[in-house]
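The values are calculated or read from the model by the stated rules, or taken from the named source; none is laboratory data. Since we're looking at a predicted model, the values are computed, not measured. As a convention, Cβ positions derive from the backbone with ideal geometry for all residues, glycine included, and neighbour counts pool all protein chains shown. Accessible surface is based on the protein model in full, side chains and every heavy atom, while ligands, DNA and RNA are left aside. Shrake-Rupley method; radii C 1.70, N 1.55, O 1.52, S 1.80 Å.
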Amino acid sequence: NGFGGVVFLLGVVGVEEAAHRRVARPVDMEQPSERLADLAGLSKSQIPQLGIMAVTFDERTASVIGSVRLASGAVAIARIAAPDAASADLRPGDLIHEINGKNVFSVDDLKNALAGLTHGDAVALLVERAQQWSYVAFNLP
């Protein structure tokens, strides 16, 4: 990895400094547990049917994706490799507002709607990308 030794991901503060010194700096006791909680949350954000990770739109995501026309929904944050993922044209930063005409206010709404669908079902997502709305349509594999 170029560091010449073991670097503890949760304990590194300042990667460039750690790389230069080849050491990991300690962090306070609360910080690792918060980061571990974030990592645990990653599995909850996976939506394998769509091949994405998503989070519910909130103040934190708003500051990252910028202006939106409708401030609610599920934000795609990353593509994931999922064997049964649909070939949906979703990109990080896409804000999903509807699935098959049902409003999506959260990741849970999106997951619940997908749970009611089966192989071959048609899916239409209303997606906001760069303040433009469009539909992404596909069949579930």
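Restricting attention to region 41-61, the residues being part of a loop (DSSP other than H, G, I, E, B) and out of contact with any Leu (no Cβ under 8 Å at 6 or more places or on another chain) number 3.
Pick from Val123, Val136, Val64, Val127: which is surrounded by 14 or more Cβ atoms within 10 Å (Cβ to Cβ), within 15 Å of the chain's Cα centre (by Cα) and not in a loop (DSSP other than H, G, I, E, B)? After applying the criteria, what remains is Val127. The set of residues in region 91-111 that are of a type in the set (Lys, Arg) and without any contact (Cβ under 8 Å) to a residue 40 or more places away in the chain comprises Arg91, Lys102. Candidates Ile96, Ile77: the one that is under 19 Å from Ser45 (Cβ atoms), assigned to a strand (DSSP E or B) and open to solvent by less than 50 Å² (accessible area, probe 1.4 Å) is Ile96.
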